[in-house]
Structures are given as structure tokens and as C-alpha cells.
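Every number here is computed from the coordinates shown, using simple stated rules; none is lab data. Small disclaimer: the values here were computed from a predicted structure and weren't measured. Methodologically, a virtual Cβ is constructed for each residue, glycine included, from the backbone with ideal geometry; neighbour enumeration extends over all protein chains shown.
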Amino acid sequence: MAAVIFMAVLLAVFIALLYAVLAKASGKYAQKQIREERVMTDVTPVPAPAETWTRYDVDLDDDLQKYIGQICRKYEVSTALVMAVIEIESGCDPACVGDGGHSYGLMQIYLDCHRDRCIRLNAYNLFDPRQNVLVGVDFLAELLSYGHGEEWALSWYNGLGGDPGEYTYKVMTEAERLLESSQQVTA
């Protein structure tokens, strides 16, 4: 019986010590957490790095030019090339209608040929510059993915069937001009 009482006392002491150690440890943890929170709230916020983007000599506002640059980076298509297509296709007019009423917007998307692409990209208003550019860049990226070069892709973009012609020459010349006159802007 004395052995049982001794074991019970020993167990009670052990539990008390364990409780004390855990309480002390959790108190230190809580104090450390409070100190870390205080340090984190005392820190002066660091401003985000300035965004750098390329402005091209086209009649499109800065926000749209930034968007076009982002889409082109995402699809790995030359922004200067896309700006040149926009310049040649529509003169930067988002309300432009061509090809007898079949092509729409900045990049003159031929809806009859790109209806599935528009649906896949949720681009239902080709007069919306952002939706139009998304569809056009997606199409150019697909053509470029075949590995035949920009001139070949442009000829197919314009419906010339891989035969570079005057259209391709105009776009490539405009892309070079735009690239040479482009400006890096930090905002």
C-alpha cells in the first residue's frame, strides 16, 4: 500500500512539474509571438517596385498598351508585332468593321472563323479592345507555334495562306518602326 501511495505522489509531482514546464514554455511562446507581432506592425511598409512597361507610338491609351504588353508576355508574342497588326488592321479604331462586315475591332477578328476561340476565351464583345486583343493574340500565338516565323504567321493571320505579301511587309515594317520609337516607362 505504501508503494502505491508513493507512486501516486510521484506521479502527481511529475504531472505538476510537466504542467509547470509546459505553462512556462507556452508563456515564452506567447511572449515571443507578441514581440513578433509588435515588430511586424512597427515596420514601415516598403513600396512595391515601380512597374516598367513599354509605350509604343500608337493611338492607344496607356492602360490598354499595358494590357496588350501583359497579354503578349503571357502568350510569348512580340508586343511590337501586335501593335503593328492593330495599326495596320484597324488604325487603332476599336469600332472598326471590315471584310464586308465580318471582321471586328482593333485586330479585325473574323468572327466566322474564330467563334470557337471567342467562346473558349469568354470574348463575346469584339468591340471591347481587351477582348479583341485577347482573341487576336491567341490566334497569332497559335500561328507562331507552328515554327514557320512571323511572316508566315502574319500571312495566315490575314488569310493569305502562308504567302507573304504586301500586308506582311506593311506589318513587319510598322513593327520595326514601333520598336525603334518605343519608350520604357516607369510608373
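Run the simple label-point estimate for Asp61 and Asp128 please: 7 Å along Cα→C-beta, distance reported in nm.
So the label points at Asp61 and Asp128 sit 1.6 nm apart.
Would you list Met107, Met172, Met1 from fewest to most Cβ contacts within 10 Å?
Lowest to highest Cβ neighbour count: Met1, Met172, Met107.
Set the Förster distance to 30 Å, then compute FRET efficiency between Asp163 and Cys92 from the Cβ-Cβ distance, nearest 0.05.
Efficiency computed from Cβ-Cβ geometry: 0.65.
Can you bin the stretch 96-187 into rounded, prolate or oblate? Criterion: square roots of the alpha carbon gyration tensor eigenvalues sorted a ≥ b ≥ c, rounded for a/c under 1.5, prolate for a/b above b/c, oblate for the rest.
oblate
Kindly state, as a whole number, the per residue volume in cubic angstrom of the convex hull around the alpha carbon atoms of the stretch 83-135.
63 Å³
Which stretch or stretches of the stretch 55-69 have amide N atoms under 17 Å from the point lying 7 Å from Ser181's Cα along the Cα→Cβ direction?
Within reach of a label on Ser181: 55-62, 65.
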